[in-house]
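The block underneath contains the structure these notes are about, expressed in structure tokens.
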Amino acid sequence: MCGAKEGGLSLDGVNVAKEAVIQGQVLRGEEPVPNAYVRLLDRSGEFTAEVPTSATGHFRFFAGDGEWTLRTLAPKAQPVDTRVVAATGSVAEVQVLVSA
Amino acid sequence: MSRENSLVTAQWVEDNLDTDGIVLIEVDEDTTAYDKGHIRGAIKLDWTTDLQDQVRRDFVDKEQFEALLSERGVSNDDTVVLYGGNNNWFAAYAYWYFKLYGHSDVKLLDGGRKKWELDSRELTDALPTREKTSYTATEQDHSIRAFRDETVAAIGVKNLIDVRSPDEYAGRLLAPAHLPQEQSQRAGHVPTSLNVPWSKNCNDDGTFKSDDELKALYAEVGIDDSKDTIALCRIGERSSLTWFVLKELLGHQNVKNYDGSWTEYGSLVGVPITLGDEPGEA
């Protein structure tokens, strides 16, 4: 479905054609991190939104077209910045690795 | 008000988990967050069901608020400490709400749930039991709540602080980027409103910035200290946090939160709207 990886977060109930979805999973090694916070920063570095990760380390944003930065904060780890490009009608899948 | 009597640290909360007369309350945008684990002894308020009338678009009335807090075991003389996720977004809303109904001793846990979790402090699934009380609320304090007509009349007259993200303010997005894009009929902002995204009030770990940093933030956008202020966002929650900063931390006198916010204003017929990154003319 529009670039969503197998095994990614389910897109049931999401009208992908109308949204610029950014989603993914936060991992420490191979383990999902359920208590991390993912912040969405716009092209100027301005905070736009933040979500806590789910029990399986997943997160999702409905962004707009363009370049974004994901800033991930997890306990006992340095913040991790990840650049991502979103486009309406597609799903940008991102895997974030935090320090072990 | 000041930082000393409106904010407490995570360490203070941990040190006072068993102190009588202190009630911890979690209020989260994600109303299931509490159920996945919460600070020991904390009770939950669900902003979508407990704090909103379920028929009209409005808050629960005085009697409903009294019944709610009585049933949850909160007393008038309790110190209420609120916390939640997302930089205390909805906890700040609940703080404003408790003030609206006259609760005297309310505080926010600085950094909220995120700071608590990033500190690796303990969360529990255990549900507390509290004896029922007989809570008495005051009539709503409208000196801190703005309505739509007052907001329209404030264009070019009062400080209007729009705390949404720059893309929502400019009209490029209709809702925060982690929510499906829906809501108001029109995008944009109230003419002459200044954009100070609510997130600028906080550090990355969710704690509030220092008073000096906050003063500089509002001075930089040109807030006029001699004028009254109305804060607004999309549904009045993020602007509660900015209301908290201006009124409770920085001590501005006449600050109101417009809870109708953009979902109401952006659906009104005939009111002026400005598109783009500039405040626009009255």
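None of the figures in this text is laboratory data; all of them are computed from the coordinates on show. Note that this is a predicted model, so its numbers are computed, not measured. Positions of Cβ are generated from backbone atoms using ideal geometry, with glycine treated the same way; all protein chains shown enter the neighbour counts.
Helix-only mean residue ellipticity at 222 nm, chain B, DSSP H runs n ≥ 4 weighted -39,500 (n - 2.57), per residue, nearest 500. What is it?
Numbers: 10 runs with 77 residues, N = 282.
Per the formula, -7000 deg cm²/dmol.
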Expected sort for B:Tyr93, B:Tyr101, B:Tyr218 with the fewest Cβ neighbours (10 Å cutoff) up front is B:Tyr101, B:Tyr218, B:Tyr93
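Out of all DSSP beta bridges with both ends in chain B, state the antiparallel percent to the nearest 5. Don't jump to the answer; show the numbers that get you there.
Values: 4 of 27 bridges.
Counting DSSP beta bridges with both partners in chain B, the antiparallel share is about 15 percent.
What share of the DSSP beta bridges in the protein assembly as shown is antiparallel, in percent to the nearest 5? Mind showing how you got there, number by number?
Working: 29 of 59 bridges.
Antiparallel bridges: around 50 percent, rounded to the nearest 5.
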Rounded to the nearest 5, what % of the DSSP beta bridges within segment B:145-265 are antiparallel ones?
10
I'd like the Karplus ³J(HN,Hα) series for segment B:108-116: coefficients 6.51, -1.76, 1.60, θ = phi - 60°, whole numbers in Hz, and an x wherever there's a Gly or Pro.
9, 6, 4, x, x, 4, 4, 4, 4
Arrange the following residues from fewest to most other Cβ atoms within 10 Å of their Cβ: A:Phe62, B:Phe90.
A:Phe62, B:Phe90
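Taking the Cα centre of segment A:19-97 as origin, sum charge times position over the Cβ atoms of Lys and Arg (+1) and Asp and Glu (-1), and report the length of that vector in debye to the nearest 20.
Details: 7 positive and 10 negative charges, 48 e Å.
Using only the charged Cβ atoms, the result is roughly 240 debye.
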Pairs over 25 Å Cα to Cα, from B:Lys158/B:Lys215; B:Lys227/B:Lys247; B:Lys44/B:Lys215; B:Lys62/B:Lys115, come to B:Lys44/B:Lys215; B:Lys62/B:Lys115
Label-point separation in nm, B:Glu122 to B:Gln64, each point 7 Å along Cα→Cβ
3.7
Those trypsin sites (Lys or Arg not before Pro) in segment A:56-100 that DSSP places in a loop and that have at most 13 other beta carbons within 10 Å
A:Lys76
Per-residue Cβ neighbour rank within 10 angstrom, fewest leading, B:Val157, A:Val91
B:Val157, A:Val91
Coarse-grained scattering of chain B at q = 0.08, 0.11 Å⁻¹, given as base-10 log I(q)/I(0) from a Debye sum over alpha-carbon atoms:
-0.32, -0.61
Between segment A:16-39 and segment B:10-43, what's the alpha-carbon centroid distance in Å?
26
